[in-house]
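*Asks:* Please see the structure below; I have some questions.
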Amino acid sequence: MSNPEVASEAVRSGAHAESTTTGVEVLSAREVPLGGPRALQVRRTIPQRARTLIGAWCFADHYGPVEIPANGMDLPPHPHTGLQTVSWLFSGTIEHRDSLGTHSLIRAGELNLMTGGHGIAHSEVSTSDTTVLHGVQLWVALPDADRDTGRDFQHHVPEPVRIDGAELRVFLGSLAGEASPVRTFTPLLGAQIDLEPHATVTLSVDPGFEHGLLVDAGDVSLDGTEVPPAELGYVAPGVSTLTVTNSSDGPARTILLGGPPFEEEIVMWWNFVVRDHEEILRAREDWEAGSDRFGSVEGYDGRRLPAPPVPDVIIMPRRNPPSRSARQS
Ligand code: MN
């Protein structure tokens, strides 16, 4: 996906507050219209004022189920740098093409992890048989040592794992004894957790990780705190279990994200994760000039997405405030 929020998303983050107490902070989503001629409305939980990162997860958009226009969702070639993108669908199919030469279908329940590294470009178009799109679009910030790495694309279909009351699809990291083989540059957890009606599951997690539970559907509570659909429950490091409850008569669907706090400061602007304002300008210039840095996408019928105007805001350092539970202690 391409990020249309160019002013407010020019955020700088890092240097997390120390927090070892337990508690759930509920982050609500804001509606953001994705750019392009055939826009899609998404619900964004991070980054936001209260929190910019969960581990190296730096961007979480949740969308649908939404009926797409008859001529489909069509996102022209656009660039990325300094990050990985995770496309995870609940329904619908998207055709992906990138400047690595990848041509792949993104289907529900299948992980597609694209590494931007120094620079990549890609296009995303819904397939002709897709009428409804529903899923999440997630970004991962790359650590300084690896952010200029080469382009990469990994595909993995996690085997659904049944535990009492729930079904898990672990697409990154490990959970409930299931491990994803997909390589990441920092430790990460990414899993879909589907709960049966009135089910409760308690999962062992890494106490060095912070976690976010994004709720898609159901009356879901995380460690006893209600997390409404489209919102995200955040838990600071220091806990070794998470308890997820579905109190609805129907099934619940959630996405669990985690990772050790990402200590580096980052700056996000448009589709770039960089370290300072100069790098934004350089990446933007490289894209506008058609530089080899991002390459070209073969097989896409149409023009590529132009970069938004040069940012006219001075990007101020921004940090994650202490979590609510930490402040109470
Ligand atoms: Mn994209």
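The values are calculated or read from the model by the stated rules, or taken from the named source; none is laboratory data. The model shown is predicted, which means the values in this text are computed figures rather than measured ones. Methodologically, a virtual Cβ is constructed for each residue, glycine included, from the backbone with ideal geometry; neighbour enumeration extends over all protein chains shown. Ligands, DNA and RNA are stripped out before the accessible areas are found, and what is left, the full protein with its side chains, is counted by its heavy atoms. Shrake-Rupley method; radii C 1.70, N 1.55, O 1.52, S 1.80 Å.
*Asks:* Just checking, which of I266, I255 is under 30 Å from P306 (Cα atoms), buried (at least 23 other Cβ atoms within 10 Å of the Cβ) and either at pLDDT below 95 or within 21 Å of the chain's Cα centre (by Cα) (or both)?
*Replies:* Working: I255 fails: under 30 Å from P306 (Cα atoms).
Answer to the selection: I266.
*Asks:* Please state which one of G177, G190 is more than 30 Å from D292 (Cα to Cα) and open to solvent by less than 30 Å² (accessible area, probe 1.4 Å).
*Replies:* Numbers: G177 fails: open to solvent by less than 30 Å² (accessible area, probe 1.4 Å).
Answer to the check: G190.
*Asks:* If E226 meets every condition in (1) of a type in the set (D, E, K, R); (2) in a strand (DSSP E or B); (3) surrounded by 16 or more Cβ atoms within 10 Å (Cβ to Cβ) apart from one, which number is that one?
*Replies:* Here E226 meets the rest and fails (3).
*Asks:* Which strands (runs of 3 or more DSSP E) sit wholly inside segment 91-167 and have at least 2 residues that are open to solvent by less than 10 Å² (accessible area, probe 1.4 Å)?
*Replies:* On the way: elements: 93-98, 103-107, 111-115, 120-126, 132-141, 152-156, 161-163.
It comes to 93-98, 111-115, 120-126, 132-141.
*Asks:* Tell me the residue from D286, D292 that is modelled with pLDDT of 95 or more, under 24 Å from R97 (Cβ atoms), among the charged types (D, E, K, R) and surrounded by fewer than 18 Cβ atoms within 10 Å (Cβ to Cβ), please.
*Replies:* Values: D286 fails: surrounded by fewer than 18 Cβ atoms within 10 Å (Cβ to Cβ).
None of the others qualify; the one that does is D292.
*Asks:* Taking only segment 219-231 into account, find how many residues are touching an Asp or Glu at 6+ places or on another chain (Cβ under 9 Å) and either at pLDDT below 95 or of a type outside the set (D, E) (or both). Outline the logic, then answer.
*Replies:* Residues of segment 219-231 touching an Asp or Glu at 6+ places or on another chain (Cβ under 9 Å): 219-220, 225-226, 228-230.
Right, trim to either at pLDDT below 95 or of a type outside the set (D, E) (or both) and you get 220, 225, 228-230.
Of the residues in that region, 5 qualify.
*Asks:* Could you go through segment 199-222 and let me know if any residue there is under 24 Å from P251 (Cα atoms), charged (D, E, K, R), in contact with a Phe, Trp or Tyr (Cβ under 8 Å, 6 or more places away or on another chain) and in contact (Cβ under 8 Å) with a residue 24 or more places away in the chain. It would help to see each step written out before you state the result.
*Replies:* Of all residues in segment 199-222, those under 24 Å from P251 (Cα atoms) come to 199-205, 211-222.
Restricting the remaining residues to those that are charged (D, E, K, R) gives 216, 219.
Filter once more, so that each one left must be in contact with a Phe, Trp or Tyr (Cβ under 8 Å, 6 or more places away or on another chain): 216.
Adding the requirement that they be in contact (Cβ under 8 Å) with a residue 24 or more places away in the chain leaves 216.
Yes - at least one qualifying residue is present in segment 199-222.
*Asks:* Taking segment 1-54 as the search range and keeping residues that are surrounded by fewer than 16 Cβ atoms within 10 Å (Cβ to Cβ), more than 16 Å from M268 (Cβ to Cβ) and modelled with pLDDT of 80 or more, which one is farthest from the ligand (Cβ to nearest atom)?
*Replies:* S28
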